[in-house]
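The structure appears below as structure tokens.
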Amino acid sequence: MQAKNPLQNKAQYLKGVGPKRATLLERLGIDTVYDLLYYLPRRYEDRSGILPIKEVRGEDTCTVRGRVRAHSVWKTKRGMLVYDMTVSDSTGTIHGVWYNQPYLKSYFKSGQDIILYGKAEKFKYLQMTHPDYEVLSKDEDGLETAHMGRIVPIYPLTQDITQKYLRALIYRSLDGNVNMVKEILPTNIRAKNKLADIRFAIRNIHFPNNFDNLKMAYRRLVFEEFFILESALALMKGRVKKHSDGISHEVEEGLFASFQKMLPFKLTKEQDEAISEIEKDMRSPVPMNRLLEGEVGSGKTVVAMYALLLTIKNGFRGAVMVPTEILAQQHYLTMSEFFMPLGINIRLLIGSLSREAKEEVRREVREGKADIVIGTHSLIQENVSFEKTGLIVVDEQHKFGVSQRALFRQKGIKSDVLIMTATPIPRTLALTVYGDLDITTMREMPEGRPPISTYWVEEERKDRVYKFVREEILNGRQAYVICPRIEKTEKSGIASAEEMYDELRNDIFPDLKTALLHGRMKAGEKERLMRDFRNNKINILVSTVVIEVGIDVPNATVMVILDADRFGLAQLHQMRGRIGRGEYKSYCVLLSDPKNENARRRLEAFERLQDGFELAEQDLSMRGPGEALGTRQHGLPEIRFGDIVADKDILELARREAFELIEKDSNLSDERNRDLRDVIMERYKGKLEFLGVG
Ligand code: ADP
Ligand code: MG
């Protein structure tokens, strides 16, 4: 089948492919000719300079060229077959040696011209063991130029596809096809930023004539990738901004002052600033689309409470969406304490409520009696009409992806949206993951919080840790003990909350009140436990990561994390954020004997760094963006070429240019931007349809 655009032709129909190899190529993500051209090398080998054999030293990795003078197979004393080839040029002689490949004898011929590439060693003779080779017979494709005597690309492979095969295939495909690749970058952007032409870039990313060309090719391709992504984000952002039919909240005189008066503490400077930014957004008829990115414990909840108060004063409803029921319950407790006395009706909507209870909440929502509804995402989305909702707060949702955010707008929701996260996101990552949002950051803690001390302790010193826990509890404080698992699993040897709970309750702290909390418990049960813990009726709470997000018990000062190496840095940081929330000095103890070096490095970093933003940078550079924050879970496609850490300058540049372009041509409807638009639509299919740009 011939597709309209020849680059969309199946790679299968290229010479030398066929159905069987096509299946193998598919494993590499290569389906079409276009995919093949955009299949980038993993690294390069410089085989360009051909050395006269006389100049080859032992230990040199180099390329030589000569004629096969003699070749033979012989047997070592141990019975191994050795194929040995003697190659000479006008200056000297070198041997190519291969073990256990006697069949090479019938592949090569005396008198052939040949190129060898590899590491030379000097024994009695000069020798290369298992060198790469290329026979310089006048082969019809002229392929000697693909594999030797140049900077040679090395591609990621899959089983049954050889380096040479793939390289030759790409080499041949470039010729006929590279000229059909469309230039999607606007000319002025290319000129201004000195970006290579796409055809030059594709040629040179595979078969560069020199390293400068390679650099230019790489820069261009990475720019293109980021530019497409950022343009998509800019389109999204522009789309939201264009609606000026959102709610214009009115702010009555003195609202902020009276809010501050009702609080038991003075707001921090950053809380003040966040509030005024949010207030400004909410006054405007353009729907708010703001991310409040705040360090754990920096006090985001009260900022959200002010925004909720504002929307209620304007006669609207507020909705608070959170990822877990525990967090919903906690917010319900905190917010009721504040709002109920003001005559504001606040309701909790979570899956584990009885059917009647849920029905009652729904009724109140329908009848407009509920002012604030707090619950988990799905439930709120199913049950709360957003028509009368002036503000949606999405809390602790670091996995609230682009497509989910898009959904709000798709449904024509005009509400202001405030997304809060305590997962600090390095700036570069924020540019990709949250590129469509306005961002407010809060890094400072409220005053009077002594810093948390973190210690990484080997498991054999467990008893001393328990002794310390006991001392703290006798002083009136409380402790968390966190395990990676709920239940014991065979053989894994990883701490489980259930076992730990039994051990602590029966053997270590029989005289104290210990409780177990985990995600599989009934909601009523969890709620009761959380309330008891808050009221200091429980001394030690044994749990899993369920306590990771949001929980706020200022009297808890100790957190012991077992098998801490099982957790990612972001998770550890979230957990540690559960302590150090009050006036007391807090301690985080990691009990862990990790075997692997990476894990040790992570724990060391965690012990040393307290600032979530610094940790996030660290995590990003240790693990890469995909893993560190799960870019995929953010609803973004993987970034294939660029590296948002190493290439952050290119990323920032691409972002600037993309946003500038969309500013001028908000739908990319200009004829000159048509190809760019097509590529964006194609790449973000199913994610950006709501844009209605297509
Ligand atoms: P997070 O930003 O992690 O969601 P919270 O909103 O749960 O943090 O706040 C953490 C704790 O700090 C809460 O107990 C809250 O009452 C308290 N808090 C918030 N703002 C201040 C402030 N300005 N001064 C003192 N304590 C504050
Ligand atoms: Mg919070």
Residue tally, condition open to solvent by 20 Å² or more (accessible area, probe 1.4 Å) and either within 16 Å of ligand 1 (Cβ to nearest atom) or of a type in the set (D, E, K, R) (or both), over the stretch 271-285: 8
Only listed residue being in contact with a helix residue (DSSP H, G or I) (Cβ under 8 Å, 6 or more places away or on another chain), open to solvent by 40 Å² or more (accessible area, probe 1.4 Å) and not aliphatic (A, V, I, L, M), chosen from 91, 61: 91
Residue in the stretch 234-257 that is surrounded by fewer than 17 Cβ atoms within 10 Å (Cβ to Cβ), more than 24 Å from the chain's Cα centre (by Cα), within 16 Å of ligand 1 (Cβ to nearest atom) and outside any loop (DSSP other than H, G, I, E, B) present: yes
Complete set of residues in the stretch 119-136 that are in a loop (DSSP other than H, G, I, E, B) and open to solvent by 60 Å² or more (accessible area, probe 1.4 Å): 123, 124, 125, 130
Residue match in the stretch 391-407 (condition: modelled with pLDDT under 80 and in contact with a Phe, Trp or Tyr (Cβ under 7 Å, 6 or more places away or on another chain)): yes
Boolean, residue 268 is farther than 21 Å from residue 332 by Cα, open to solvent by 10 Å² or more (accessible area, probe 1.4 Å) and within 16 Å of ligand 2 (Cβ to nearest atom): yes
Check on residue 105, open to solvent by 60 Å² or more (accessible area, probe 1.4 Å), at pLDDT 90 or above and outside any loop (DSSP other than H, G, I, E, B): yes
Test: residue in the stretch 219-232 that is modelled with pLDDT of 90 or more, within 20 Å of residue 388 (Cβ to Cβ) and more than 16 Å from ligand 2 (Cβ to nearest atom): no
Test: residue in the stretch 587-601 that is within 16 Å of ligand 1 (Cβ to nearest atom), open to solvent by less than 10 Å² (accessible area, probe 1.4 Å) and not in a helix (DSSP H, G or I): yes
Contacts under 9 angstrom Cβ, first residue in the stretch 39-58 being free of Cβ contacts under 8 Å to residues at least 12 places away in the same chain and of a type outside the set (Gly, Ala, Ser), partner part of a loop (DSSP other than H, G, I, E, B) and surrounded by 15 or more Cβ atoms within 10 Å (Cβ to Cβ), 6 or more apart: none
Residue within the stretch 562-574 that is over 26 Å from the mean Cα position of the chain (by Cα) and open to solvent by less than 10 Å² (accessible area, probe 1.4 Å) present: no
Positions within the stretch 18-58 being under 23 Å from residue 203 (Cα atoms), crowded, with 16+ Cβ neighbours inside 10 Å and touching a Gly at 6+ places or on another chain (Cβ under 8 Å), in sequence order: 35, 39, 47, 50
Residue 566 vs. criteria of a type in the set (D, E, K, R), more than 16 Å from ligand 1 (Cβ to nearest atom) and without any contact (Cβ under 8 Å) to a residue 60 or more places away in the chain: no
Boolean, residue 316 is out of contact with any Pro (no Cβ under 8 Å at 6 or more places or on another chain), in contact (Cβ under 8 Å) with a residue 60 or more places away in the chain, more than 16 Å from ligand 2 (Cβ to nearest atom) and within 30 Å of residue 432 (Cβ to Cβ): no
Qualifying positions in the stretch 1-52 - in a helix (DSSP H, G or I), over 17 Å from residue 155 (Cβ atoms) and of a type in the set (A, V, I, L, M, F, W, C): 7
Meets criteria (over 22 Å from residue 249 (Cα atoms), over 31 Å from the mean Cα position of the chain (by Cα), within 16 Å of ligand 2 (Cβ to nearest atom) and free of Cβ contacts under 8 Å to residues at least 60 places away in the same chain) for residue 337: yes
Scope the stretch 286-298; condition within 11 Å of ligand 2 (Cβ to nearest atom) and touching a Leu at 6+ places or on another chain (Cβ under 8 Å); matching residues: 292
Residue 15 being under 17 Å from residue 123 (Cβ atoms) and loosely packed, with under 12 Cβ neighbours inside 10 Å: no
Unique match (being of a type in the set (D, E, K, R) and closer than 22 Å to residue 291 by Cβ) among 382, 396, 387: 396
Matching residues, the stretch 480-524, being out of contact with any Ser or Thr (no Cβ under 9 Å at 6 or more places or on another chain), among the charged types (D, E, K, R) and at negative phi: 490, 498, 499, 502, 503, 507, 511, 513, 520
Pair list, Cβ under 9 Å, 6 or more apart: the stretch 447-462 residue among the acidic types (Asp, Glu), other residue open to solvent by 100 Å² or more (accessible area, probe 1.4 Å) and assigned to a loop (DSSP other than H, G, I, E, B): 447/266
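The values are calculated or read from the model by the stated rules, or taken from the named source; none is laboratory data. Computed from a prediction, not measured in an experiment: that's the story for all the values here. Counting neighbours? That spans all protein chains shown, and the Cβs are built from the backbone with ideal geometry, glycine included. Protein only, heavy atoms only, side chains kept; ligands, DNA and RNA dropped before computing areas. Shrake-Rupley method; radii C 1.70, N 1.55, O 1.52, S 1.80 Å.
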